[in-house]
Amino acid sequence: MKKQILVLIPGFPKDRPQVIRMKGLLKPLQKSYNIHILTTSNENKEYFLDGFKVISIKSTLIGPIINPNYYPFNYAPWIHNNKVLSIIRKILSLLYFPDLYDLEFYRLSRKLKKTLKCNDYSCVIGSCAPFSIYRFGKIVNKYTKWIIDVGDPFIENSVIGQSVIRKKRKQWYEKKHIRYIDHFIVTNNETGSYYKELYPDSISETNLLVIPQGITKIDKHSKVIESDRDSISMVYLGNFYKNLREPDALFHAINNWNENKNNTQIRLEVFGKYSKYFLDKINKSNGVHYKGFVAFENVAETYQKYNYIIIIDNKYGLQTPGKLIEVLAQSKPIITLFNSKATPTYNFLKDMDVNLVENSTEKICTFFEESLHNARFDERIIYNIDDYFWDILATKLKNVI
C-alpha cells in the first residue's frame, strides 16, 4: 500500500504560482505516494483531480470577496479593483495577521485535525504564501512531519511595502511558528542563507532544502521563428511593480529606437494584469502593445511567436522570478534587464548565454545599437537547464519525506 502525503495549498487548482510549483513537485511523487490536497472552495466536497485527492472545505463568505487570489473560483472582475473593497482590505489587514487568508484558519484547522486523526500521513506540506499557513505547524507537529515550502521570503518580500514596525511584527510571528518546522524549502541559496542567519535555532543545513523553480520536460521548446527584416518582435510576460520592477527605461529605449531607426522597428508585446498606472505608460509608448492575459497552459506557445524574450529583474530582494527556467526552456534569445549584480536572478544568469543589460535607457539603447542591426533568429540557443526538470527536483523533496 502506498504511503500518504497531505498538502495545504490555498487556491488549488487555480493557476497561482504556488499551486503551479506544488503540482510540479508533487506529480512525480504520485508513483510512490497517495497525495491529498486540503484547500478552501465554495463548497464542502472531496474529489479526484489529476491524480490528487482534493479535500475542499467551504470558505467563509467574506474571504473570497476581499482576498480572491487565494480561492479557486472567480467572482466578477470588479472585485479585484474596487476602491471600497480596497479600503476594507486595508482595515481587515490590521485585524488579521499575517494575511487575510487567516480568516479561514479555524475552519481549516478543524478539518485538518479530523483528517490527521483519520489518516496516517508521512508528512504534511504547507505552501506559502499565504504565510498564515505557518499557524498550522503546531497542529501538524503533534501527528507527523511538517514541511514548509516558501516561494518568497516572508519579511523581505520585495513586492509588499512595509514599515519597520510591521517587519518586526512579521519576524516575531515567523520566529514563533518556524520552530515547528521539520524541513524548510526555499527556491535559491541566497534565501536559504538569509533564513539560516535570521533563525539559527530553527533553520540549519540539516533541515534546509533548496529546490528552485522547475519545468516539465514537455516544456522544453526548440521552435525557430524567423523575423521579417522590417521589425523585431519582443515579448514580456509578467507583472510590473512601482519602484521594484519598472519598465520605463525599456519603453523609452524602444521609443527612441523606433523614432530614429525607421528601417527596422521594435514591437514589444506585454501580457499580464496591470494597474491603470502601467496601462497608461504602455498606451503612451511607441512600439509597446498590451495583449491581455495568458493562461498558464498557453505560455510556452506565446513565447515561441517572438524573436526576443524580456526579463526584468527586481531592484532588490531575494526573489527569483518563477518564469526564469520557463523562459530558458524556450531556447530563444533573452534580454534580462538588471538593476543590481547582487540579486539571485543575476547570479543565476551570469554564466548563461543571456544578454544581461543594465536597466537604464542609455544602456538599453546601447545594447540595441550594438546587437539588433545584425541579429539572427534562425538558430536555437540551448541553455543548460536539465537539472531543473520537476522529476529531478522532486527527488530532493522525496528524500526528506
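Of all the residues in the range 125-151, those that are among the aliphatic types (A, V, I, L, M) and within 14 Å of LEU112 (Cα to Cα) number 4.
The set of residues from the range 159-168 being at pLDDT below 60 and farther than 15 Å from PHE131 by Cβ comprises just one member, GLY161.
Here's the yes/no breakdown for (1) without any contact (Cβ under 8 Å) to a residue 60 or more places away in the chain; (2) assigned by TED's automatic domain parsing to the domain that holds ILE364; (3) touching an Asp or Glu at 6+ places or on another chain (Cβ under 8 Å):
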| residue | (1), (2), (3) |
| --- | --- |
| ASN263 | yes, yes, yes |
| ARG267 | yes, yes, no |
| VAL270 | yes, yes, no |
| LYS281 | yes, yes, yes |
| LYS284 | yes, yes, no |
| LYS291 | yes, yes, yes |
| VAL294 | yes, yes, no |
| THR302 | no, yes, no |
| ASN307 | no, yes, no |
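Tell me which of these LYS145 doesn't satisfy, since it passes every other one: (1) in contact with a Cys (Cβ under 8 Å, 6 or more places away or on another chain); (2) closer than 21 Å to ILE20 by Cα. For LYS145, the failing item is (2). With under 22 Å from GLU326 (Cβ atoms) and at pLDDT 95 or above as the only criterion, which of ILE139, ILE148, ILE218, ILE185 stands out? Testing whether each residue is under 22 Å from GLU326 (Cβ atoms) and at pLDDT 95 or above leaves just ILE185. Residue pairs whose Cβ atoms lie under 7 Å apart, separated by 6 or more positions or on different chains, with the first residue in the range 172-193 and farther than 26 Å from LYS142 by Cα and the second basic (Lys, Arg), do not occur.
Check ILE364, ILE381 and return the single one that is closer than 19 Å to LEU237 by Cβ and in contact with a His (Cβ under 9 Å, 6 or more places away or on another chain).
Details: ILE381 fails: in contact with a His (Cβ under 9 Å, 6 or more places away or on another chain).
None of the others qualify; the one that does is ILE364.
The values are calculated or read from the model by the stated rules, or taken from the named source; none is laboratory data. Note that this is a predicted model, so its numbers are computed, not measured. Glycine also receives a Cβ, built like all others from the backbone with ideal geometry; neighbour counts cover every protein chain displayed.
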